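A.B. asks: The structure under discussion is supplied below as structure tokens; questions concerning it will follow.
No lab work stands behind these numbers, since they all come straight from the coordinates. If you're wondering where the values come from, they're calculated on a predicted model, not measured in any experiment. FYI the Cβ positions are ideal-geometry reconstructions off the backbone, even for glycines, and counts take in every protein chain you see.
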């Protein structure tokens, strides 16, 4: 049976080939190439401005936690900054596009000046040189000169797809993007490194679709995968397994973990400080287990999961991180939840698990994601709303 072609991969391939085929068919022409260079300049300007605008917008209006970004944010009138706090979609719908537009105009002007004084005179010289050359030679050269344009088109398409995946416009589209090797490669090597910090480049490597839920019916013995985590409910008639273990087995602790967790958080003066100490320790000392993630992805649940094996092995995947946080929080008499939902790894939305801990001094629950620790601050951070969704409480203690 012929394997199905991924439509995202097919689209990227066609976008790449289009300028090359066009260049071969219409041969080399300095006038046509000048128009192409102008188009490429626009594409480059848009890509760079998209990167700069997104980066600056996130740094100033979302994170604003250090340096010049904090200073710029502090210059914003309090009423307006409070409005943005309460209406975060304005940042992505208005503020960042405006920054992108301004950057685009400046960069395009700069590139046009460079083209007028460098590339255009060179192309005129090449055109005079090629007048005596064969038609085949001109076609091949025309194709070669279209190569930069083909790359720009592919990058532009990948950026647009990445933005679409962030907003999860279509579930089927998200699956196609998740399985498209060219799209994943471009995201890992280009989009994520230039739109996020150095640390955030690790996110695709620390989060994959490696969280599997299986429901067993005790009466019939029937076992089925839970494709939609929001429909998973623990009832007296079903047993739910998370990566091969029940929830009670996953969060089970022992005296050594309890003693260690108490000593670790003992210097905290309030619940927030103690909760953050646990977050920092797990994020720093537990490493993502890529081998286990691959086994779970392939439905191999003959692996140890939960708080105890993770504490001793110092490695695990998202469910293990979350279970260990539950165990350590309970040892410190903190109210804690285990949450399932979806996380955005910079490429697509995947099944994920994290925590919420109750802060009695503020009378509220805050989000904590120790798996994402190496990708930035995910302790009660505003960025949660941008890369976590469909949260469901599967356990509260």
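A.B. asks: Ranked highest first by average number of other Cβ atoms within 10 Å, how do 109-116, 320-327, 153-160 line up? Walk me through the numbers on the way to the answer.
C.D. replies: Working: 109-116: 13.1, 320-327: 29.5, 153-160: 18.9.
The densest-packed peptide leads the list: 320-327, 153-160, 109-116.
A.B. asks: Calculate the FRET efficiency for residue 280 and residue 10 from the Cβ-Cβ distance with a Förster distance of 41 Å, rounded to the nearest 0.05.
C.D. replies: Working: r = 45 Å, r/R0 = 1.09.
After rounding to 0.05, the efficiency reads 0.35.
A.B. asks: So what's the convex hull volume per residue for the Cα atoms of region 315-397, in Å³?
C.D. replies: Hull volume normalised by residue count: 96 Å³.
A.B. asks: Could you work out how much longer the chain between residue 31 and residue 259 gets when fully extended? Use 0.36 nm per residue separation minus the Cα distance between them, nm to one decimal. It would help to have the intermediate numbers written out before the result.
C.D. replies: Numbers: separation 228, 0.36 × 228 = 82.08 nm, distance 7.57 nm.
Difference between extended and current length: 74.5 nm.
A.B. asks: Please state, to two decimals, what the Cα-based radius of gyration of region 32-157 comes to when divided by 2.2 N^0.38 Å (N = residues). Spell out each step's value before the answer.
C.D. replies: Working: Rg = 20.9 Å, N = 126, 2.2 N^0.38 = 13.8 Å.
Cα-based Rg divided by the globular estimate yields 1.51.
A.B. asks: Distance between the C-alpha centers of region 245-281 and region 34-83? Whole Å please.
C.D. replies: 39 Å
A.B. asks: How far is it, in nm, from the label point at residue 287 to the one at residue 102 when both lie 7 Å from their Cα along the line to the Cβ?
C.D. replies: 4.4 nm
A.B. asks: Let me ask another. Can you figure out the FRET efficiency of residue 314 with residue 55, using R₀ = 30 Å and their beta-carbon distance, to the nearest 0.05? Don't skip to the end; give the middle numbers.
C.D. replies: Numbers: r = 33 Å, r/R0 = 1.11.
Here the calculated transfer efficiency is 0.35.
A.B. asks: Go through 48-56, 378-386 and give me the packing order, highest mean Cβ count within 10 Å leading.
C.D. replies: On the way: 48-56: 19.3, 378-386: 17.7.
Top to bottom by mean Cβ count within 10 Å: 48-56, 378-386.
A.B. asks: Would you mind getting me the FRET efficiency between residue 179 and residue 390? Use the beta-carbon distance for r and R0 = 25 Å, nearest 0.05. Don't jump to the answer; show the numbers that get you there.
C.D. replies: Numbers: r = 20 Å, r/R0 = 0.81.
According to the calculation, E is roughly 0.80.
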